[in-house]
Amino acid sequence: QVQLVESGGGLVQPGGSLRLSCAASASIFSNYAMGWYRQVPGKQRELVASITRNGNTGYAASVKGRFTISRDSAKNTMYLQMNSLQPEDTAVYYCNRSPVSTFSSWGQGTQVTVSS
């Protein structure tokens with residue numbers, strides 16, 4: 001069974017930083033590229049960063065240069081270091097394989113709120 005547990009969100013002021021963590025089951029982490037997604041109410045979930053099994057990364061234009069994705073294969077854990085956070089980064093952040101499958105299940109996500 002696929003398990004995805006996101007953590008590390010919170011309230012931060014503009015310009016601040018947060019580090020998100022994603023604990024994933026080995027069945028997904030070992031076999032797929034992984035990604036961080038975010039969603040705000042009323043909008044579609046969007047991919048913000050991805051990382052292949054061999055460490056190649058990709059970023060959405062809106063976060064490039066501010067966010068850094070990484071993965072620890074020994075721990076089946078993925079991270080998202082978010083710096084220079086802006087109010088428009090406010091969203092619920094999720095992790096999953098990249099790209100997702102039609103049948104992919106999602107974790108509960110972690111809320112990131114950027115506000116003064």
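Taking (1) farther than 19 Å from Val2 by Cβ; (2) of a type in the set (Val, Ile, Thr); (3) under 15 Å from the mean Cα position of the chain (by Cα) in turn, Thr110 satisfies each apart from (1).
Entry remark, region 69-116: residues being open to solvent by less than 50 Å² (accessible area, probe 1.4 Å), within 14 Å of Trp36 (Cα to Cα) and not in a loop (DSSP other than H, G, I, E, B) number 17 in total.
The values are calculated or read from the model by the stated rules, or taken from the named source; none is laboratory data. Every value quoted in this text rests on a predicted model; they were computed, and no experiment measured them. A quick note on method: Cβ atoms are made from the backbone with ideal geometry, for glycine too, and the neighbour counts reach across all protein chains shown. Heavy atoms of the whole protein, side chains included, go into the accessibility calculation; ligands, DNA and RNA do not. Shrake-Rupley method; radii C 1.70, N 1.55, O 1.52, S 1.80 Å.
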